[in-house]
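A.B. asks: Have a look at this one before I ask anything.
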Amino acid sequence: MVQVKGLTNSVAGMPAEELLAPGHTACPGCGQTLAVRIALKAIGRNAIACMATGCLEVSTGLYNRSAWRIPCIHMLFENAAAVASGIERAVKRMGKDTKVVVFAGDGGTIDIGFGALSGMLERGHNVIYICLDNEAYMNTGVQRSGATPYAAHTTTSPSGEVSIGNPRPKKDAPWIVAAHHIPYVATASSSYPKDLFRKVKRACEVDGPAYIQVHVPCPTGWGYDTSKTVEVGRLAVETALWVNYEVVDDEVTNVMKIGKRKPVEEYLKMQKRFRHLFASEEGRKEIERIQAIADYNARKFGLDEML
Ligand SMILES: Cc1ncc(C[n+]2csc(CCOP(=O)(O)OP(=O)(O)O)c2C)c(N)n1
Ligand code: SF4
């Protein structure tokens, strides 16, 4: 394998080997491919990846220029978890300990593939499911998904004279997944690579289903400079609009505390998808509503308690 100086060994404590090769066609600054690169370092070579339709698939998986250095199968939105379930049973039948991991976008996971995911969790398959949550259907042109945050502008929730953007709050998928009483659920962010690495490692040790939802900023869909991906992702956590935590055997644990919370404006003002909120009095009121969502998260997870 070619080792490109500066592209390997970038985060201390992680294997230098890159199982997602450079040279794929994702946009510069894509948080999604960053998350996959880190997750694969944690999972290692003895794995089979299942990949639902989406940005990841078209940018890393096209025949004959695949960036995957482990076996990778592309499925539909609807059946990613079902195919993974079948592979897991086949691997078990063959007496192997190969890990089966699904990578799917928020659209593929939280909307269209949710039935298959729920079935996989409920049947107790030994599969790691990683949802790459860029908060919209990016691959087909930034359409709203069930994970799109309140008031965000997307092509199917456009802001304008009659609308402030997406009218519905973000669906709380990790919470719904946790209600299946599986051994391990976690949320993570591509802006906190060590935390993400640790969580994927932990998921590998679980006997049964593990679900990790990773917040992955998307410069193209969110509208910010490609150099700011890590900063935007960190601001989501620092404002409490995204909370990193684990649910182990039905108990919430390891909540990532952030010290003094930043106001949500700091996160919103960096992104074009929220630009309209700063342009009118009505928009300002919506920012207050978004601040209330962050306050709710802080109460729910005890973020304001002493570190
Ligand atoms: C059943 C079905 N409906 C619609 C499509 C078209 N389609 C392809 S990719 C995509 C968006 C994927 O969004 P998401 O899963 O969030 O992944 P992202 O591209 O954002 O990474 C859509 C709607 C499809 N392939 N299958
Ligand atoms: S549109 Fe967004 S998620 Fe898709 S490849 Fe580009 S940066 Fe990544």
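A.B. asks: Please find the FRET efficiency linking residue 266 to residue 118, where r is the Cβ-Cβ separation and R0 is fixed at 45 Å, and quote it to the nearest 0.05.
C.D. replies: Plugging the Cβ-Cβ distance into 1/(1 + (r/R0)^6) gives 0.80.
A.B. asks: When the Cα centres of segment 26-102 and segment 231-276 are compared, how far apart do they sit, in Å?
C.D. replies: With segment 26-102 and segment 231-276 each reduced to a Cα centre, they are spaced 27 Å.
A.B. asks: Follow-up question, since we're still on this one. With the contact rule set at Cα under 8 Å and sequence spacing of 6 or more, what percent relative contact order holds for segment 53-197?
C.D. replies: 18
A.B. asks: On a 0 to 90 degree scale, rounded to 10, what angle separates helix 114-123 from the longest Cα axis of the chain?
C.D. replies: Tilt of helix 114-123: around 50 degrees.
A.B. asks: For the chain, what is the calculated [θ] at 222 nm in deg cm²/dmol (nearest 500), taking -39500 (n - 2.57) for each run of four or more DSSP H residues and dividing by its residue count? Walk me through the numbers before you get to the answer.
C.D. replies: Numbers: 10 runs with 102 residues, N = 307.
So the helix-based figure for the chain works out to -10000 deg cm²/dmol.
A.B. asks: If you take all C-alpha pairs in segment 15-146, what percent of them are over 18 Å apart? Display every interim value, and only then the final one.
C.D. replies: Values: 4441 of 8646 pairs.
Pairs farther apart than 18 Å: 51 percent.
A.B. asks: Could you work out the relative contact order of the chain? I mean the mean sequence separation of Cα pairs under 8 Å and 6+ apart, divided by the number of residues, in percent.
C.D. replies: Details: 616 pairs, mean separation 48.1, N = 307.
Over the chain, the number comes to 16 percent.
A.B. asks: Then there is this: Loop-only check: which GluC sites (Glu not before Pro) in segment 112-198 are DSSP coil with at most 16 other Cβ within 10 angstrom?
C.D. replies: Sparse-neighbourhood loop GluC sites (Glu not before Pro): 161.
A.B. asks: Would you mind getting the accessible area per residue of the chain, heavy atoms of the protein chains only, 1.4 Å probe, in Å²? Mind dumping the intermediate values first?
C.D. replies: Numbers: 13870 Å² over 307 residues.
Accessible area per residue: 45 Å².
A.B. asks: Just check segment 19-301 against the gyration tensor rule for me: Cα atoms, a ≥ b ≥ c as the square roots of the eigenvalues, rounded for a/c under 1.5, and otherwise prolate or oblate depending on whether a/b exceeds b/c.
C.D. replies: prolate
A.B. asks: Still on this structure, I have one more. Taking 0.36 nm per residue of sequence separation and subtracting the Cα-Cα distance, how much length would be gained by fully extending the chain between residue 275 and residue 255, in nm to one decimal?
C.D. replies: 4.2 nm
A.B. asks: With axes computed from alpha carbons, what is the tilt in degrees of helix 281-301 against the longest principal axis of the chain, rounded to the nearest 10 within 0 to 90?
C.D. replies: 50
A.B. asks: State the extension gain, in nm to one decimal, for the chain segment bounded by residue 143 and residue 64, taking 0.36 nm per residue of separation less the distance between their alpha-carbons.
C.D. replies: Contour length minus Cα-Cα distance gives 25.6 nm.
A.B. asks: How large a share of the accessible area of segment 19-301, in percent, is made up of carbon and sulfur atoms when the probe is 1.4 Å and the other protein chains stay in place?
C.D. replies: So the carbon and sulfur contribution to the accessible surface is 53 percent.
A.B. asks: Within segment 89-190, report the trypsin sites (Lys or Arg not before Pro) that DSSP leaves as loop and that have at most 16 other Cβ atoms within 10 Å.
C.D. replies: 96, 171
A.B. asks: Here is a follow-up. Hey, which of these cross-link pairs are over 21 Å Cα-Cα: 170/194; 41/272; 170/269; 99/170; 171/262?
C.D. replies: 170/194; 41/272; 99/170; 171/262
A.B. asks: Let me ask something else about it. Using a Förster radius of 41 Å, what is the FRET efficiency between residue 304 and residue 97 based on their Cβ-Cβ separation? Nearest 0.05, please.
C.D. replies: 0.45
A.B. asks: Run the dipole for the chain about the Cα centre, Lys and Arg Cβ at +1, Asp and Glu Cβ at -1, nothing else charged, and hand back the magnitude in debye, nearest 20.
C.D. replies: With only Lys, Arg, Asp and Glu charged at Cβ, the dipole is about 700 debye.
A.B. asks: Compute the helix-to-body angle for 229-238: its Cα long axis versus the longest principal axis of the chain, expressed 0 to 90° and rounded to tens.
C.D. replies: Compared with the principal axis, the helix lies near 70 degrees.
The values are calculated or read from the model by the stated rules, or taken from the named source; none is laboratory data. It should be emphasised that the depicted structure is a prediction, and the values quoted were computed from it without experimental measurement. A quick note on method: Cβ atoms are made from the backbone with ideal geometry, for glycine too, and the neighbour counts reach across all protein chains shown. Each accessible area value is taken on the protein alone, full model and side chains, heavy atoms only, with ligands, DNA and RNA left out. Shrake-Rupley method; radii C 1.70, N 1.55, O 1.52, S 1.80 Å.
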